[in-house]
Amino acid sequence: MAVYCTHCGAAVDERARFCPTCGNVLAPQIDAPLAVTPPPAPAAPVVSVARYGGFWIRFVAVVIDAVLLTAVLAPVYLVIFVGVLGAGHAVGMPWRGRHLVMWIAGRSLFFVAWWLYEALLWSSPRQATVGKMLLHLRVTDLQGNPVSFARATARHFSKYLSGFFFFIGYIMAAFTERHQALHDMIAGTLVRQD
């Protein structure tokens, strides 16, 4: 017959007076019966359910990032604009040529700045751009670990594919199980909500 300590539930010898695990007095009197009940069931582990950022909250985060980045880049673009106008005028460049150089410089500046902004911040310890931080979102790999700069770069450039066909790649985030957009699936990332 199995006998258990009434205090800690450990199995004990039926002749023992003290529990070898916790030291509980098992039989203060010789005739006192020992507990013959099974030990208590171990407590169920606490499982945290991961929450993922859905389509609309991610959309708001991107809008915040775009406004912030545009506000920061506007003065830089203005300096480029004035510099190209002045230099183009000084060398006699036609207006169309100056306009083309300004367009290329502006687009290149925004392209590189947006890539570095996203990739550096996603791979940082905060794992989020400013917009995502404000909304308590972070970018992780499929196991919940931080992403590398290379994976963050792959995610950034995969976003162009997400927007290629009427933004269907972005809209996928509203319908997939873990709210992954196409670029998340390509880069092996998730957007978690804390």
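FYI, it's all coordinate maths here, none of it is from the lab. What you are looking at is a predicted structure, and each value in this text was computed from that prediction instead of being measured. Please note: Cβ atoms are built from the backbone with ideal geometry, for glycine as well, and neighbour counts cover all protein chains shown.
The alpha carbon convex hull volume per residue for segment 88-194 rounds to 129 Å³. Positive-end ranking of A66, S148, G53 along the dipole of the chain, with charges on Cβ about the Cα centre, is headed by A66. What helices does the chain have that are whole DSSP H segments, at least 24 Å long along their own axis by Cα, and with mean Kyte-Doolittle hydropathy of 1.0 or more? Those that pass (Cα extent of 24 Å or more, hydropathy at least 1.0) are 55-90.
At a Förster distance of 41 Å, what's the computed FRET efficiency of H7 paired with V60, Cβ-Cβ distance as r, to 0.05?
E between H7 and V60, to the nearest 0.05, is 0.15.
Both the radius of gyration and Dmax for the chain are 31.3, 113 Å, in that order, over alpha-carbon atoms. Its relative contact order, with pairs defined as Cα atoms under 8 Å and 6+ residues apart, puts the chain at 19 percent. For the pair T21 and I171 in one chain, pulling the backbone fully straight at 0.36 nm per residue adds 48.2 nm over the alpha carbon distance.
The charge dipole of segment 55-193, taken about the Cα centre with unit charges on the Cβ atoms of Lys, Arg (+1) and Asp, Glu (-1), comes to about 80 debye, rounded to the nearest 20.
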